[in-house]
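Data block below; observations after.
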Amino acid sequence: MKNWINRLRGSADNTAATPAGRTAGPQAATADEQAADLAAEIESTYYRWLTAARGYAAPAEVETRILDEVRILGLQPGEAAGLVPRVPEAIPKLLASLNDEDASIQELARQVAQDVVLVAEVIREANSAYYRPIAPVKNVEAAIMMLGQNGLRMLLARVAFRPLINMQADGFAREAAPQVWNQSVSCALAASLMAPGLSTGVFEAYLAGLMQNVGLVVAFRLADRVCLDGRIPGSSAFGARLLAGSRQLSAAIAAHWNFPQEVAQAIAHAGEPGADHLAEALALGDRIAKLRLLIDAGVLAEDDSLVTEGLDNFQRRCLGKLAKLES
């Protein structure tokens, strides 16, 4: 187990512990450099865990071909959007109604009732550990009152995005989809919890968290066309470039689908120095969600340095809250 965990931490492919252009030594790194190092190690560990069963030492030309195809597809967002399912028709109508301040609980309940899947989802959400109702919620109107406007919007977005991530695919894309979806849901919630402290939109942060991984699933589908037997290049260096490229692909698809411009921009620039507050909330949510999955998988301990040094007290409380999240 220890050797397996060490491989996931990035030692298996002999990836250098310090980024290119820097040397390890007694010099004190700046806070920004330390944060960048921690973020890079989390990304590397997450990718190696995600690909542990199917990752292999791919030839350089295979890695380059996959990365080139992801980059080119990012310049053709219409074609990229065609590789994922469309959002269910009922969802945009409900989201539009939620933007109408005059819409009543009864009207929202009537619209929800038209879709049996939504009825079940709304009632289940209202009874979840996240809301902790005093008594079981048994009808749609009571459930909507429990969730509130923002809670209902988040639920609708999650229902709409589930088939986009958990799409019917073959090879590695199909195998990875459940874990990618779990990370998406956790990222969306964590980003929405970060948003108020950064004076940015809660729902926009949630939407960006759900959307961020759509490009990753498309990238995995492209990789399945290049590789054989459901395998995927497993090196940390490739993983870092694939994750970065897939985020740009997600941003391009979001813009093509006429998502709010600030959401697409946040996805494109999350983790970059000087990015806006929505991008910062997304980057923090993404980091917290990945740490949660790695802890739950036994790859990291709760007191690992990536947690204790990478998160402040509020962010660690958010990490704990994700432990009870039902995807």
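For the range 104-201, which fully contained helices (runs of 4 or more DSSP H) count at least 2 residues that are under 26 Å from ASP224 (Cβ atoms)?
Numbers: elements: 105-113, 116-126, 140-165, 171-194.
So the answer is 140-165, 171-194.
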message: Condition first: farther than 20 Å from ASP37 by Cβ and touching a residue at least 60 places away in the same chain (Cβ under 8 Å). Now tell me which residues in the range 260-276 satisfy that.
response: GLU262, ALA266, ASP276
task: List every residue pair whose Cβ atoms sit under 8 Å apart, with the two residues 6 or more apart in sequence or on different chains, where the first one lies in the range 302-318 and is under 14 Å from ALA39 (Cβ atoms) and the second, anywhere, is surrounded by 12 or more Cβ atoms within 10 Å (Cβ to Cβ) and hydroxyl-bearing (Ser, Thr, Tyr).
output: LEU306/THR45
- line: The one condition ARG86 fails out of (1) over 24 Å from the mean Cα position of the chain (by Cα); (2) surrounded by fewer than 16 Cβ atoms within 10 Å (Cβ to Cβ); (3) modelled with pLDDT under 80 is (1)
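Identify, from the list ALA275, ALA268, ALA283, ALA254, the residue that is under 18 Å from SER186 (Cα atoms) and in contact with a helix residue (DSSP H, G or I) (Cβ under 8 Å, 6 or more places away or on another chain). Give the steps one after another, and end with the answer.
Details: ALA275 fails: under 18 Å from SER186 (Cα atoms); ALA268 fails: under 18 Å from SER186 (Cα atoms); ALA254 fails: under 18 Å from SER186 (Cα atoms).
After applying the criteria, what remains is ALA283.
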- prompt: ALA266 is checked against (1) closer than 14 Å to ILE42 by Cα; (2) under 18 Å from the mean Cα position of the chain (by Cα) and fails just one. What number does that condition carry?
  reply: (1)
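For every residue, the table says whether it meets (1) touching a Leu at 6+ places or on another chain (Cβ under 7 Å); (2) touching a residue at least 40 places away in the same chain (Cβ under 8 Å).
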position	(1), (2)
ALA143	no, no
LEU155	yes, no
ALA160	no, yes
GLY171	no, yes
- request: Please list, ordered by first then second residue, the pairs with beta carbon atoms under 6 Å, 6 or more apart or interchain, first in the range 55-83 and assigned by TED's automatic domain parsing to the domain that holds ALA176, second surrounded by 14 or more Cβ atoms within 10 Å (Cβ to Cβ) and in a loop (DSSP other than H, G, I, E, B).
  value: GLY55/GLY234; TYR56/ARG231; TYR56/GLY234
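Conditions (1) at pLDDT 95 or above; (2) under 20 Å from LEU319 (Cα atoms); (3) surrounded by 23 or more Cβ atoms within 10 Å (Cβ to Cβ), marked per residue:
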| residue | (1), (2), (3) |
| --- | --- |
| CYS187 | yes, yes, yes |
| ALA195 | yes, yes, yes |
| LEU210 | no, yes, yes |
| GLY215 | no, no, yes |
| PHE220 | no, no, yes |
| CYS227 | no, no, no |
| ARG231 | no, no, no |
| LEU242 | yes, no, yes |
task: Filter the range 270-320 for residues that are basic (Lys, Arg) and within 16 Å of the chain's Cα centre (by Cα) and give the result.
output: ARG287, LYS290, ARG292
statement: Checked pairs for the range 192-212, first in the same structural domain as GLY274 (by TED's automatic domain parsing) and without any contact (Cβ under 8 Å) to a residue 40 or more places away in the chain, second surrounded by fewer than 24 Cβ atoms within 10 Å (Cβ to Cβ) and in a helix (DSSP H, G or I), C-beta under 8 Å and 6 or more apart or across chains, list as PRO196/VAL202
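The values are calculated or read from the model by the stated rules, or taken from the named source; none is laboratory data. Note that the coordinates shown come from a computational prediction; the quantities given were computed from them, not determined experimentally. Neighbour counts run over all protein chains shown; Cβ positions are idealised from the backbone, glycine included.
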